[in-house]
Protein chains: 2
Amino acid sequence: MAAAGLAGSAMAQEVVDQAAVAKIREEGLNHSKVMETAFYLTDVAGPRLSNSPGLKRAQDWAVKQLTSWGMVNAKLEPWGKFGKGWEVQKNYAAITVPYYHAIIAIPKAWTPSTNGLIKGEVVLVKADTTTDLDKYKGKLAGKIVIFDTQAKLQRSKNPDLSRYTDEELAKMEAATLAPAGGAPRRQFDANSPQFAAMRRARAMRATINEFLLNEKVGLILAQGRGTDGTTFTTNGASYADTAKAVAPELETSGEDYLRILRLVKAGQKVELEADIKTEFFNKDLQGYNVIAEIPGTDKKLKDQVIMIGGHLDSWHGATGATDNAAGSAVMMEAMRILKAINYKPKRTIRIALWSSEEQGLFGSRGYVAQHFGDRATMALKPEHAKLDAYYNLDNGTGKIRGIYLQGDSAAGPIFKAWLAPFKDLGAGSVTVGNTGGTDHQSYDALGLPGFQFIQDGMDYNTRTHHSNQDTYDRLSEEDLKQAATIVASFVYNTSERKEMIPRKTLPTPPPAR
Amino acid sequence: MAAAGLAGSAMAQEVVDQAAVAKIREEGLNHSKVMETAFYLTDVAGPRLSNSPGLKRAQDWAVKQLTSWGMVNAKLEPWGKFGKGWEVQKNYAAITVPYYHAIIAIPKAWTPSTNGLIKGEVVLVKADTTTDLDKYKGKLAGKIVIFDTQAKLQRSKNPDLSRYTDEELAKMEAATLAPAGGAPRRQFDANSPQFAAMRRARAMRATINEFLLNEKVGLILAQGRGTDGTTFTTNGASYADTAKAVAPELETSGEDYLRILRLVKAGQKVELEADIKTEFFNKDLQGYNVIAEIPGTDKKLKDQVIMIGGHLDSWHGATGATDNAAGSAVMMEAMRILKAINYKPKRTIRIALWSSEEQGLFGSRGYVAQHFGDRATMALKPEHAKLDAYYNLDNGTGKIRGIYLQGDSAAGPIFKAWLAPFKDLGAGSVTVGNTGGTDHQSYDALGLPGFQFIQDGMDYNTRTHHSNQDTYDRLSEEDLKQAATIVASFVYNTSERKEMIPRKTLPTPPPAR
């Protein structure tokens, strides 16, 4: 009851221009270009690993497209040094003995090529200590190496697709204020036996990898997470221009990995052939974000900036449709909608499509550091005072169900009022809670109002997030149209609002390490 | 109440030797070799398409293994002429323009090789009439052809894995007697516009395929059913030694097919490279079943035969684990259990591992025709009178929940009693209903008591049945142990029973066509 009363009174304070919302809805729901935008960002551009040619294609297209829709100052803005680009240019591997079977596998990001088409026996390497490696000395040149695992493939008893239930949303809404900076991290006891064992295992794996490289191993097989042909990808080496050399490594589908492993463990001879070609790009180590604006028109307010964004970079096994062409396309579409209805915003509206989110939110962190201040010292720049709010989208293709406040409870009644016209589209929940793992955190860390929307999970966690199945087919047109419409409406309301979005207390600088 | 009364009175008539059941349970549940058997039939033998080297490896291993367990008369028994063997010896295809992406795709069975490593542009062929083809004349040599589709990939809102609920089983038990020969087939009106359209479409597709072959097309892409990397396979040509030539054709995963199609339809240039090598085997066109026996020991009854079986052949995209290494391994394990407990059966017990089930139950039909009689004329052979019962398993890896009577209602109370000791393992349901699609039908068609067990569906229909994901990992150890134990117990009870299993009335010969 108290909550309902609060929302009621807040909605009374916040005036929502219903005619503007209607215009935005008409454009966003009935004249959408979001799927066309997503098509260009995924199918046409291809995989968009940080600093890869695929990301460059998508960035250049986005700048051109935003300009063609009437945005100004569209550009690639450097945010700092990232490292090497990388892409796959040939990817073939097959079992050839005891019979032929082409496997589903993806080179780990930033790993090198095989030495052309290689053919070799699969060798199971078991080593708990450095001396265990001695028995393999001189025996692994050109061989294909596999490691043991106890992993069995598990079938889920739940559907791949999911949406939030009313109960789940109500529970999120009832959440209380999280401590500043998010939930406290689990503390590891550096002296615990578990931690020591973990440290030893990690060190041993590094030792093994160096040994394998020195032994001129042909290829390493790693078991990719996933099942049914869905394989999740990771990186196998650093993107730094100074990175140490590693051996070629192939993230192999669970079914294929376990088949090979079972055969080898049963004493059956297994041979593979593989031809992996990967290319590194060293010419420009700089990272870039796509930036474009609709300039503000109110004399007093046009220096204030509302930002929206999502990361454009992806992993390399597919075309990063839900992670995060979806968010990028929605944000571009929100800008398009506002131009299409000929909106002249009071404040300046700026879109940012980040890069290198997948390696540590680098694009947004670099942008925030350049424009707003230094998280380490909390030394702030003048633009810090002018940033009204940042809205982010990066949780897949699911429609917007509400918004996370990141502890900024004063913003709650405002957003509740803004969501009210979208009840029929499934949105309305406001939670004071935090969500992490993406670019609004770069803003939040500096005390700027940075928000991520609550989205239906769909098959993000079961199938698409960093997998070889994150393709255009996973995108839900209806959901993306809804999301773009709501984002455009939020931007409109933020721009029209008398005051800026209320802020949390500035965080204190983190203790020096 | 009536049903319970019937079951109760039937169980009073059927005496189940609880000590024997206990021995079978102990061997089957605690000393099982079913997973080891399944490993050899799948991982070690590989795909087992009819008359392929993989099927031959599995057949030879099965004969050897059954013999080593003490079976006699283990052999490959020819059942008639099948046709050509075929296997994949190289399978590589990738998008190379507008960027590199290796696709998930499988050659359609019995299609030929590409002309080595080919590279070509993808051309969308749209032809509703023969004259529509004219515009492609002279333009398709070496090209890669794709067809349009309206198909979108659908995400299921249900879990991949399923087991029968108590309600579903109760409904099956409550089913009434199906008409002889199964449910009546839906009659097509040969004069209906729909039927005419279907006939035209099929004829047009045949015309197109011949045109493409004559134009020396490099490769045809077909959309494989399935999603998430799971791709279901089919055949693309006849296995007959007299089959007409066709062009190479690749069953392409939904995601990859639709990506290529979207790009081409949007006017984006797409190029592929592919290297498909398939091999045909013409030396021996004969089909074979694996046969082995535990001879009967009762003077009066040893000429009577109890048969158990499942088909050993599979499709080629994976190792046919659930379809049907599972059933084959369970049946081999049932034989092993009976030998392991040193059972001296009254009647002769015979296992048959069929081939060419996937092309039309050919192995079992051929066997039945050679041993029991002619379905067309209903001319019966002497062995027809001696066949006690045939039990089949071919519905995947799910445990046995009961048995289909195929309308042989007199067998119901008997089986109900035999299932009673397995209530704790989830089995107990008897339905008078039919199930189709596998080898017990060859027996049923000739009026012989042929039964298939009710099995939990698991992910048979969602993921494994004829797909590239039908691998050993899909096998559920606990379920297969349970199934082998129940089958062994059924065989034991059939062998010990005073009378043979009651039969239905003999069918009349089908009308000559």
Dipole magnitude (debye, nearest 20) for chain A, charges at Cβ of Lys, Arg, Asp, Glu:
940
Rounded to the nearest 100 Å², what is the buried accessible area between B and A, both sides summed, probe 1.4 Å?
4000
Considering only the stretch B:276-426, what is the antiparallel percent among its DSSP beta bridges, to the nearest 5?
35
Taking a ≥ b ≥ c as the square roots of the Cα gyration tensor eigenvalues, with a/c under 1.5 meaning rounded and otherwise prolate when a/b beats b/c, else oblate, which class fits the stretch B:87-225?
oblate
Over its Cα atoms, what ratio of radius of gyration to 2.2 N^0.38 Å does the protein assembly as shown give?
1.06
Packing rank of A:307-319, B:124-136, B:303-315, A:450-462, where each peptide gets the mean count of other beta carbons within 10 Å, highest leading:
A:307-319, B:303-315, A:450-462, B:124-136
What part of the accessible area of the protein assembly as shown, given as a whole %, is carbon or sulfur when the probe is 1.4 angstrom?
53
In the P(r) worked out for the stretch A:388-513, what percent of Cα pairs fall beyond 26 Å?
25
How many angstrom lie between the Cα centre of the stretch A:84-140 and the Cα centre of the stretch B:58-72?
36
Dipole magnitude (debye, nearest 20) for the stretch A:261-395, charges at Cβ of Lys, Arg, Asp, Glu
600
Report the label-to-label distance for A:Arg200 and A:Lys152 in nanometres (one decimal), using points 7 Å from each Cα along the Cα→Cβ vector.
2.8
On average, how many beta carbons from a partner chain sit within 10 Å of the beta carbon of a residue in B:227-235?
5
Let me confirm one metric for peptide B:420-433, namely the mean number of other chain beta-carbon atoms within 10 Å of its residues' beta-carbons.
0
Sites A:Gln268 and B:Thr129 - FRET efficiency at Förster radius 60 Å, r taken between beta-carbons, to 0.05
0.65
Run through all the Cα pairs of chain A and give the fraction in each 20 Å bin from 0, expressed as whole percent.
21, 51, 24, 4
Compute the projected area of the convex hull of the Cα atoms of the stretch A:12-93, averaged over all viewing directions, and report it in nm² to one decimal place.
9.9
So for the protein assembly as shown: antiparallel DSSP bridges make up what percent, rounded to the nearest 5?
60
Hey, got the dipole for the stretch A:472-511? About the Cα centre, +1 on K and R Cβ, -1 on D and E Cβ, debye to the nearest 20?
360
Tell me which of A:Ile276, A:Ile291, A:Met307 sits at the most positive position along the dipole axis of the stretch A:257-332, charges placed on C-beta atoms (Lys, Arg +1; Asp, Glu -1).
A:Ile276
Table column - 3J(HN,Hα) (Hz), the stretch A:320-328, Karplus curve with 6.51, -1.76, 1.60, x for Gly and Pro:
x, 6, 8, 10, 8, 4, 4, x, 5
Compactness index (Cα Rg / 2.2 N^0.38 Å), the stretch B:228-305:
2.07
Could you work out how much longer the chain between A:Leu213 and A:Arg163 gets when fully extended? Use 0.36 nm per residue separation minus the Cα distance between them, nm to one decimal.
13.4 nm
Between helix A:2-13 and chain A, what is the angle of the helix's C-alpha long axis to the longest principal axis, kept within 0 to 90° and rounded to the nearest 10?
60
The ³J(HN,Hα) series, computed from each phi in the stretch B:418-426 with the Karplus coefficients 6.51, -1.76 and 1.60 at θ = phi - 60°, rounded to the nearest Hz and given as x for glycine or proline, is 5, 7, 3, x, 10, 4, 5, 9, x
At B:Thr297, label 7 Å along Cα→Cβ: distances to the other copies, nm, ascending?
9.9
The equivalent-ellipsoid semi-axes of the stretch A:344-398, taken as the square roots of five times the Cα gyration tensor eigenvalues and listed largest first in whole Å, are 21, 19, 9
Per residue accessible area of the stretch B:368-513, 1.4 Å probe, in Å²
33
Largest-first principal axis extents, alpha carbons of the stretch B:157-308, Å:
75, 48, 40
Have a look at the stretch B:255-280 and report residues whose accessible surface goes down by 40 Å² or more when the remaining protein chains are included, against the chain on its own, probe 1.4 Å, ligands and DNA/RNA excluded.
B:Glu255, B:Arg259, B:Arg262, B:Gln268
Sequence-distant residues sharing a close amide H with B:Val217 (under 5 Å, placed H):
B:Gly142
Starting from the Kirkwood radius over alpha-carbon pairs of the stretch A:193-233, derive D by Stokes-Einstein at 25 °C in a medium of 0.890 mPa s and give it in µm² s⁻¹.
197
Nearest-0.05 FRET efficiency for B:Lys119 and A:Glu26, computed from C-beta distance (R0 56 Å)
0.75
Under 1.5 on a/c is rounded, so check that first for the stretch B:356-460, then, if it is not, pick prolate when a/b is larger than b/c and oblate when it is not; a ≥ b ≥ c are the square roots of the alpha carbon gyration tensor eigenvalues.
oblate
Report, by chain and number, residues whose modeled amide H sits under 5 Å from the one on B:Trp79, excluding near sequence neighbours (fewer than 5 apart, same chain).
B:Gly287, B:Tyr288, B:Asn289
Axis proximity, chain B to A: residue whose C-beta lies nearest, plus whole-Å distance:
B:Gly229, 1
Take B:Ala243 and B:Ala190, extend 7 Å from each Cα along the Cα→Cβ direction, and tell me the distance between the two endpoints in nm.
2.8
Counting partner chain Cβ atoms within 10 Å of every residue's Cβ in A:88-99, what's the average?
5
I need the phi-derived Karplus couplings for the stretch A:239-245: 6.51 cos²θ - 1.76 cosθ + 1.60, θ = phi - 60°, integer Hz, Gly and Pro marked x.
8, 5, 5, 9, 4, 5, 5
Taking each pair of distinct Cα atoms in the stretch A:103-171 once, what is the resulting Kirkwood hydrodynamic radius in Å?
17.2
In nm, what does the list of distances from A:Ala174 to its counterparts in the other copies look like, shortest first, when each label sits 7 Å along Cα to Cβ?
3.8
Take each of the peptides B:196-204, A:434-442, B:336-344, average the number of other beta-carbon atoms within 10 Å over its residues, and list them starting from the highest.
A:434-442, B:336-344, B:196-204
For B:Glu14, go 7 angstrom from Cα along the Cα-to-Cβ vector, then report the distances to that same point in the other copies in nm, smallest first.
6.8
Please work out whether the stretch A:283-393 counts as rounded, prolate or oblate from its C-alpha gyration tensor, where a ≥ b ≥ c are the square roots of the eigenvalues and a/c under 1.5 means rounded, while otherwise a/b larger than b/c means prolate and anything else oblate?
oblate
In Å², what does the accessible area per residue of the stretch A:1-143 work out to with a 1.4 Å probe?
44
Less than 24 Å apart at the alpha-carbon level, and either on another chain or at least 8 residues along: which lysines does that give for A:Lys33?
A:Lys23, A:Lys56, A:Lys64, A:Lys75, A:Lys339, A:Lys344, A:Lys399, A:Lys423, A:Lys481, B:Lys152, B:Lys265, B:Lys269
How do B:51-57, B:282-288 rank on mean C-beta neighbours within 10 Å, highest first?
B:51-57, B:282-288
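The values are calculated or read from the model by the stated rules, or taken from the named source; none is laboratory data. Predicted model, so just to flag it, every value in this text is computed and none were measured. Because the Cβ atoms are built from the backbone with ideal geometry, glycine has one as well, and the counts that use them run over all protein chains shown. Remember, those area values only see protein heavy atoms, side chains included, never the ligands or the DNA or RNA. Shrake-Rupley method; radii C 1.70, N 1.55, O 1.52, S 1.80 Å.
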